[in-house]
Amino acid sequence: MPDSQVSRRELRQLKWLTALVPGTVVLIYEFARQEALEHVLPALPVQYGNLVVWVLVLLLTYGFATFVFSVVERLQAQAIARSRDLATLSAVLEERARLSRELHDGFAQLVAFLLVRIDTVEGLLAANRSPEALVELERMRSVTDDLYQDVRESISELRTRVSERGLPATVREYVDAYEDRHDLAVHLEGEDVAAALPPLIAFQLLRIIQEALANVRKHARARNAWITFKKLEDNKLEMLVGDDGRGFEPEVVSVEASRTSFGLASMRERVESLGGDLKLDSRPGGGTRVLVTIPLKSGAGGIRSGLLAPAAR
């Protein structure tokens, strides 16, 4: 068994020592004070003899306390390790659930659309309506291109190792690859203020960035996007992801439709898990801005899973 683990034998020893040592110390003190000093150190004054006995008892008590605290410290380390394991498992399960929803809302719906269009094309060809069938095939090609881009983005997202490299370096690498793939300029500013974030917070912010940029690619028809980080005075971190695309009218699009179409449910869940707030600002022709604010205090809701470095990989 590793040295950091507390064995059952040590726990039994602790139980018996806790029961026996206090009484034993009292007996030793009384015996040494009343009997031993009179025969072993009769020449010493009483006050000095009491001092010698007190030092001996103090050493015995200190040794016992050292043993107790060593066991307690290892028990505490075991409890923390177990809580980390449980929290890591919880975070992994939550991430799998999010990924399942994203696959259902994205890939599964696109595949279902393609299956329906294939039946349509078959019907058109059977009716000798080739021009219309070609139009449908071109539409299916466009949808397939979108599906291919989604698959590439998802693979890229799953490969990120933000817990090892830190958020600034990971975001810079992702942005560079994003610009190369989609011919869209992404301006990054102030990312170094997020260098010391706990791994799980950095992971959640990275996934929010990836989701927001996926929306830019799919819906915005933008030429530029930007990501800015800013540390606020009240010990909060502000992150803004914006674009200069066509935008939309939030009041026109229903909440449920916007969540389904633009992945807002996933982003909101991530922000809420950090104890933060997400705001969406958009207008037709004026682009879209996703503003995320999270607390950096150790007791904030977002830090409750701060032990989960393995889950953020």
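The values are calculated or read from the model by the stated rules, or taken from the named source; none is laboratory data. Keep in mind it's a predicted model, so treat the numbers as computed, not measured. Cβ placement follows ideal geometry from the backbone for every residue including glycine, while neighbour counts extend to all protein chains displayed. Protein only, heavy atoms only, side chains kept; ligands, DNA and RNA dropped before computing areas. Shrake-Rupley method; radii C 1.70, N 1.55, O 1.52, S 1.80 Å.
A compact table of results
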read-out	value
Residue ID - modelled with the lowest pLDDT, chosen from residues in region 271-292 that are open to solvent by less than 30 Å² (accessible area, probe 1.4 Å) and under 21 Å from ASP234 (Cβ atoms)	SER273
Counted residues, region 81-91 - those being open to solvent by 70 Å² or more (accessible area, probe 1.4 Å), at pLDDT 75 or above and aliphatic (A, V, I, L, M)	1
Single residue of region 202-248 satisfying the filter (among the aromatic types (Phe, Trp, Tyr) and touching a strand residue (DSSP E or B) at 6+ places or on another chain (Cβ under 6 Å)) that is farthest from GLY263 (Cα to Cα)	PHE229
Long-range neighbours under 8 Å by Cβ, at least six apart or interchain, first residue at negative phi and among the hydroxyl-bearing types (Ser, Thr, Tyr) within region 61-88, second assigned to a helix (DSSP H, G or I) and open to solvent by 60 Å² or more (accessible area, probe 1.4 Å)	THR88/PRO310
Any hit, region 36-44, residues being modelled with pLDDT under 75, part of a helix (DSSP H, G or I) and open to solvent by 50 Å² or more (accessible area, probe 1.4 Å)	yes
Residue pairs meeting the criteria (Cβ under 6 Å; at least 6 apart or on separate chains; first closer than 14 Å to VAL193 by Cβ, in region 218-234; second in a loop (DSSP other than H, G, I, E, B) and among the aromatic types (Phe, Trp, Tyr))	none
